[in-house]
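J.: Below is a structure I'd like to ask you about.
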Amino acid sequence: MKILDSNHQHQQGFEPLQTGPSFAQEPKSRPSWLDLKTWTRDITVSIVIAMVVIVFLYQPVKVEGTSMMPWLEDQERVFVNKFIYDFGSIQRGDVVVFQFPLEPQKYYIKRVVGLPGDQIAFMNGRLILNGELTTEPYLRPEYGDVSSYEAIEIPTDHFYVLGDRRSTSSDSRNWGTVDRSFIIGQAVFSYWPFARIGSLAHFGIEDTESSSGHIPAVEVTE
């Protein structure tokens, strides 16, 4: 069977067929309630996905205390990435949440300043890392202290952690290093209060020239 186009029909002496009035109906627009239903479904799915990510990847915690000031304030809420160290190593400068070695039912938040194998000492409040005086850009003069501590070597799979408010912080200077198995994850994002919302990646380092239900409290001891 051959299907002739209009040009071929004229060449053969045929007149093109005359079409009558179109009986095709204009497409009807969808009812607005269908649009609302689709929009509601999409929002619901997005919320569920976000909740799954938060519950399984992140731990919301509440800071109690002031030993991480000025970078973390009392009652501030942050998210902790619980799996970040499954794919990478703990670095100096990371702010981590961990089980307090002397009371594992409690959780603390501090900054890592020493890695396994490092030698740590303090002279008049200044950090001496592996025999060299080390600059800590996240510290503020008004929160410093002038204490001195003899050098220690950090054991395998342990970390030396300190509060940024050295004058009041209870940390590895007082009760020793933290075993890797006690570290829950890295503080990555502040979500409350609204004025402090933002990423905590490298906070206190890059910023020094400028700032499920039950939410567990993270004690930042005085």
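J.: Quickly run through the range 25-78 and pick out the residues that are in a loop (DSSP other than H, G, I, E, B), out of contact with any strand residue (DSSP E or B) (no Cβ under 9 Å at 6 or more places or on another chain) and either within 18 Å of PHE98 (Cα to Cα) or at pLDDT below 85 (or both).
T.: Kept after step one, since they are in a loop (DSSP other than H, G, I, E, B), are these residues of the range 25-78: 25-31, 66-76.
Okay, now just the ones that are also out of contact with any strand residue (DSSP E or B) (no Cβ under 9 Å at 6 or more places or on another chain), so 25-31, 70.
The answer is GLN25, GLU26, PRO27, LYS28, SER29, ARG30, PRO31.
J.: Take ALA151 and decide whether it is of a type outside the set (Asp, Glu), modelled with pLDDT of 95 or more, surrounded by fewer than 18 Cβ atoms within 10 Å (Cβ to Cβ) and part of a strand (DSSP E or B).
T.: When the stated conditions are applied, ALA151 passes them.
J.: Going by the structure shown, is SER181 surrounded by fewer than 18 Cβ atoms within 10 Å (Cβ to Cβ), hydroxyl-bearing (Ser, Thr, Tyr) and farther than 17 Å from TYR108 by Cβ?
T.: Details: surrounded by fewer than 18 Cβ atoms within 10 Å (Cβ to Cβ): yes; hydroxyl-bearing (Ser, Thr, Tyr): yes; farther than 17 Å from TYR108 by Cβ: no.
Judged against the criteria, SER181 is not a match.
J.: I've got another one for you. Please list, ordered by first then second residue, the pairs with beta carbon atoms under 7 Å, 6 or more apart or interchain, first in the range 144-168 and at positive phi, second not aliphatic (A, V, I, L, M).
T.: As it stands, the answer is ASP157/PRO116; ASP157/ASP179; ASP157/ARG180, since those pairs meet every condition given.
J.: Take the residues of the range 180-215 that are polar (S, T, N, Q) and either under 22 Å from ASP157 (Cα atoms) or in contact with a helix residue (DSSP H, G or I) (Cβ under 6 Å, 6 or more places away or on another chain) (or both): which is modelled with the lowest pLDDT?
T.: We begin by selecting, within the range 180-215, every residue polar (S, T, N, Q); these are 181, 186, 190, 199, 208, 210-212.
Next, from what is left, pick out any that are either under 22 Å from ASP157 (Cα atoms) or in contact with a helix residue (DSSP H, G or I) (Cβ under 6 Å, 6 or more places away or on another chain) (or both): 181, 186, 190, 212.
Working: SER181: 97, GLN186: 96, SER190: 94, SER212: 36.
Ranking the qualifying residues of the range 180-215, first place goes to SER212.
J.: From the list GLY144, GLY131, GLY117, pick out the single residue that is at pLDDT below 95 and of a type outside the set (Phe, Trp, Tyr). Lay out the reasoning, then the answer.
T.: Numbers: GLY131 fails: at pLDDT below 95; GLY117 fails: at pLDDT below 95.
Residue meeting the stated conditions: GLY144.
J.: Does TYR160 fit the bill of being touching a Pro at 6+ places or on another chain (Cβ under 9 Å) and surrounded by 12 or more Cβ atoms within 10 Å (Cβ to Cβ)? Break it down stepwise before answering.
T.: Values: touching a Pro at 6+ places or on another chain (Cβ under 9 Å): no; surrounded by 12 or more Cβ atoms within 10 Å (Cβ to Cβ): yes.
So TYR160 does not fit the description; no.
The values are calculated or read from the model by the stated rules, or taken from the named source; none is laboratory data. All values derive from a computational prediction rather than experimental measurement. All Cβ positions, even for glycine, are placed from backbone atoms using ideal geometry, and neighbour counts span all protein chains on display.
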